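Asker: My questions all concern the structure below.
The values are calculated or read from the model by the stated rules, or taken from the named source; none is laboratory data. Remember, it's a predicted structure, so these values are computed and weren't measured experimentally. When we count neighbours, we look across all protein chains shown, and the Cβ atoms used for this are built from the backbone with ideal geometry, even at glycine.
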Amino acid sequence: MCSDLGANVYNDKPYFTHPVDGNSVFVFLDVPHMLKLIRNAMGKHILYDSDEQPIMFQYLHKLVKLQEEGYFHLANKLNRKHVEWWKHKMSVKIAAQIFSISSATALQQLLTDGHPDFTGCAATVKFCRMVNDVFDVLNSRSLYSNGFKKPLMPQTAEVIFALFAEATQYFSTLKVDVRCRKTERIIRKLVIESQFKVGFCGFILDMSNLKNMYEQFVINGHLKYILSYKLSQDHLEILFSCFRIMGGYNNNPNAIQFAASYKKLLHHNEVKSSAAANCIPLDSTSILTVASGKKVKDLITECNEEDEETDDHQINVNDIPLKCINNTLNHAVLYVSGFIEIRILNRIKCCECVRLLDECLEAESDFIPRKSFGFLRFPRIDTCKITSVVEKLFSIYLNNGEIKHKKAYQKNICDTMQNLDMTALFKNFDNHVKDVDIIKNHKYELIKLIIDCYLRTKMSYFKKGTTLRHQGLSVRHTLNKTILFKGQ
């Protein structure tokens, strides 16, 4: 279609002339679709950069496996859904999270630590960062975003155009091994000249046209900035989604079903009350609601109850050779500890406790600076000591099969308190403790709050991972065409 209109998306003319006013009409290939095509190419084949370094999806698979086996994550969203991407090939969110800066940071940290499974992942890290940055520029949607998510305007044009030049050169030199049809031999050729070129050429085309739009509209004063998200097909996809909802999530309706869905959609929007209407709802009455008949137990109130199944011996983490707190897991513990401190500071009402906690020495970490954009918190050393003991006990319960017991949460808290040297933690709180009521020991309350918050976060992650493992295979995507396109 673009060729019929006069444009050539694979050469130097990615636009065509308007037949009436003579202005240039720029052709943009949908950025989310291009991202999914790049993900498909990386997932099926090994790519090579200009230095012949491999770019492999296998490293992301190893990262997910490492996180699942250790029940931790290095501040990224990757899970089994991202590894089995072909089951969610239409999900833009899954594709974007694969190339996210968080995934690249996790791989970079493992490479820096010298993990044997991630020795040659430097090219994969660079590829993920490049795709992520270009996608952010081509998908900017807010004037107040940060980094490459900012709109294209005079203040950001120089940095963005430098990225465009680097990315265009980078994508143009990527190579892939393909089979020659004539000789049946495997040859290595440029990606933009192979059958996988659409996604990469689409990114190059969109970057070129976005620069041309900036020169035509922003420099000439017609626009102050360009939000590239407005050029995507998401708005049309949202409209189609509304039609699918009204038709029972049928993505292949006939003419009668489409007309009925359209009428229902119009009727649905018509009867919706406006804030300025003559008749507006005066209360929030709920209709046809069913309350839960099962009483939900509060685990906190059961902490002091006697546990009849408690073992006679006590766990001492210092007497057990633990392999759980390795260097990789330590990064995750430090990262979550900083998150825990932020939550605790928002809950503490004592100004003196807040000041004393901020005065404590910070723990050293080379992972947090890589991950932070200026908003992450370095945890205190004493906080890390507490969370490390909780992590060790959690691993002990997990290895012994006790983590799913009824009172595992309460036992973990009690064992953690018994394995901590209270006098050595937060020594700067000692004078403050004397100024308050002896019953309300702020130092002990802070320690218990750290244990509770960290353990709840860990248990939540464990439950999500367990649920994901026991979920059955989704057949909707597999049988989609078989059911909805039957007889066509």
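Asker: Between a first residue in region 121-132 that is in the same structural domain as Leu35 (by the TED database) and among the polar types (S, T, N, Q) and a second residue that is assigned to a helix (DSSP H, G or I) and surrounded by fewer than 21 Cβ atoms within 10 Å (Cβ to Cβ), which pairs have beta carbons less than 7 Å apart while being 6 or more apart in sequence or on different chains?
Answerer: These pairs meet every condition: Asn132/Ile101.
Asker: Among the charged types (D, E, K, R), farther than 22 Å from Arg456 by Cα and in a helix (DSSP H, G or I): which single residue out of Arg343, Arg355 fits that description?
Answerer: Arg355
Asker: Another question about this same structure. May I ask you to list the residues in region 179-215 that are of a type in the set (S, T, N, Q) and under 31 Å from the mean Cα position of the chain (by Cα)?
Answerer: Scanning region 179-215 gives Ser194, Gln195, Ser208, Asn209.
Asker: Any residue at all in region 150-171 that's under 24 Å from Ser100 (Cα atoms), surrounded by 14 or more Cβ atoms within 10 Å (Cβ to Cβ) and either acidic (Asp, Glu) or over 28 Å from the mean Cα position of the chain (by Cα) (or both)?
Answerer: No, the conditions are met nowhere in region 150-171.
Asker: Among the numbered criteria (1) in contact with a Leu (Cβ under 8 Å, 6 or more places away or on another chain); (2) surrounded by fewer than 19 Cβ atoms within 10 Å (Cβ to Cβ); (3) in a loop (DSSP other than H, G, I, E, B), which single criterion is violated by Gly120?
Answerer: (1)
Asker: Moving on to the next point. Has region 10-22 got at least one residue that is within 21 Å of Asp234 (Cβ to Cβ) and among the hydrophobic types (A, V, I, L, M, F, W, C)?
Answerer: For region 10-22, residues within 21 Å of Asp234 (Cβ to Cβ) and among the hydrophobic types (A, V, I, L, M, F, W, C): absent.
Asker: How about region 358-382: which of its residues are in contact (Cβ under 8 Å) with a residue 24 or more places away in the chain, within 19 Å of His73 (Cα to Cα) and not in a loop (DSSP other than H, G, I, E, B)?
Answerer: Residues satisfying the conditions are Phe367, Ile368, Arg370, Lys371.
One line per residue, one yes/no per condition, for (1) assigned by the TED database to the domain that holds Val92; (2) surrounded by fewer than 16 Cβ atoms within 10 Å (Cβ to Cβ); (3) not in a helix (DSSP H, G or I):
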site: Asn220; (1), (2), (3): yes, yes, yes
site: Leu223; (1), (2), (3): yes, no, yes
site: Leu236; (1), (2), (3): no, yes, no
site: Leu239; (1), (2), (3): no, yes, no
site: Arg244; (1), (2), (3): no, yes, no
site: Gly248; (1), (2), (3): no, yes, yes
site: Pro253; (1), (2), (3): no, no, yes
site: Gln257; (1), (2), (3): no, yes, no
site: Lys263; (1), (2), (3): no, yes, no
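Asker: If we scan region 171-184, do we find a residue that is in the same structural domain as Leu66 (by the TED database) and either in a helix (DSSP H, G or I) or small (Gly, Ala, Ser) (or both)?
Answerer: Within region 171-184, one or more residues are in the same structural domain as Leu66 (by the TED database) and either in a helix (DSSP H, G or I) or small (Gly, Ala, Ser) (or both).
Asker: Report, by residue number, each residue of region 346-378 that is within 21 Å of Asn330 (Cβ to Cβ) and exposed (fewer than 14 other Cβ atoms within 10 Å of the Cβ).
Answerer: Residues satisfying the conditions are Leu361, Glu364, Asp366, Pro369.
Asker: Also, I was wondering about something else. Just checking: which of the helices (runs of 4 or more DSSP H) contained wholly in region 1-88 hold 2 or more residues that are more than 28 Å from Thr466 (Cα to Cα), touching a residue at least 40 places away in the same chain (Cβ under 8 Å) and assigned by the TED database to the domain that holds Val134?
Answerer: Hits in region 1-88: 31-44.
Asker: Report every pair of residues separated by at least 6 positions or lying on different chains whose Cβ atoms are under 6 Å apart, first residue within region 180-194 and more than 28 Å from Leu205 (Cα to Cα), second exposed (fewer than 11 other Cβ atoms within 10 Å of the Cβ).
Answerer: As it stands, the answer is Ile186/Arg179, since those pairs meet every condition given.
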